[in-house]
1. Given a Förster distance of 30 Å, report the FRET efficiency between residue 96 and residue 218 from their Cβ-Cβ distance, rounded to the nearest 0.05.
2. Convex hull over the alpha-carbon atoms of the chain: what's its volume per residue in Å³?
3. Helix-only estimate, please: 222 nm mean residue ellipticity of the chain, summing -39500 (n - 2.57) across DSSP H runs of length 4 or more and dividing by its residues, to the nearest 500.
4. Would you be so kind as to identify all helices of the chain, as entire DSSP H runs, whose Cα atoms reach 24 Å or more along the helix's own axis and whose mean Kyte-Doolittle hydropathy is at least 0.5?
5. Could you check the simple spin-label distance between residue 76 and residue 64, using points 7 Å along Cα→Cβ, in nm with one decimal?
6. The range 146-163 to the range 36-64: how many Å between their Cα centroids?
7. With labels modelled as points extended 7 Å from the Cα through the Cβ direction, what inter-label distance (nm, one decimal) is found for residue 232 paired with residue 38?
8. How long is the gain from residue 250 to residue 179 if the chain were fully straight, where each residue apart is worth 0.36 nm and the alpha carbon distance is subtracted?
Amino acid sequence: MEQQKQPFNPLLAGLAALAALFFVFPLIGLVTGAPWGHVGSVITSKSSLDAIQLSIIASLSSTVLALAFGFPLAWLLARGQFRGKALVRGLTTLPMVLPPVVGGIALLLAYGRKGIIGEPLNKATGISLPFTLAGVIVAESFVAMPFFVITVESGLRAMNRRLEDAARSLGASRGTVFRRVTLPLIWPSLVAGTVLTWSRALGEFGATITFAGNLPGKTQTVPLAVYISQSSGKMDEAIALSLVLVVVSLVVMIFTRGRSRTS
């Protein structure tokens, strides 16, 4: 069935255009202000490459943790019935609205050397999370995983569960139902949640600098490198690194958006 064409609304179109330009103009400013003559040399410097490499490792690790732990949590919130479910959902999604610096302080009080978990962990194993790569991954996971959980939970809630029931009535096992019915139906949500998680982890700043510090070559991710470059007056370096984040994020989101729509 063909979709009925909506009549043109000049007011709606004008407001939509203004909204789009609101997002486009900062990107235009970034592109026009870029030091194109030596962007390559800035990006390929040792400090920039270290920051890029660390950002990739930490953001991908955070995304893997979201897949491993966030999916069961999303499943429980979508399908489970237990007391305190609303509270669990609220606590899980709280980092989405918390100021990142507040999240970083909370992480220090929980997983720092004197934290309620960090102190006994350090005494028992000698492991200390703050100011390490593991600390960066923990901080990014804390602020990014909720995006995965809430997106996948929405996908699970929206799917037609009668299709799963029909497959079971035909003798399909739980594993077969999940692989052949559930997973294809929630695939767009799964892809969207993964991309949102990775993008949020890649751009994380406040919780990371508070919990893991800003140690070049050790915990300094690209957003932290941009902040230091801008603060020290090295605007060319800050703009070049910002372009890296913009280009990578834009390409990945457009690609995955197209793939999820055709799935």
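1. 0.60
2. Residue-normalised Cα hull volume stands at 196 Å³.
3. The per-residue figure over the chain is -23000 deg cm²/dmol.
4. On the way: long enough: 10-32 (31 Å, 2.27); 46-65 (28 Å, 1.01); 133-158 (37 Å, 1.50); 183-202 (27 Å, 1.13); 235-262 (40 Å, 1.25).
Long hydrophobic helices here: 10-32, 46-65, 133-158, 183-202, 235-262.
5. 2.3 nm
6. Taking the Cα centre of the range 36-64 as reference, the centre of the range 146-163 is 33 Å away.
7. 1.5 nm
8. 22.5 nm
Laboratory data are not the source of any read-out in this text; all were calculated from the coordinates shown. None of the values given here were measured: they were computed from a predicted structure. Counting neighbours? That spans all protein chains shown, and the Cβs are built from the backbone with ideal geometry, glycine included.
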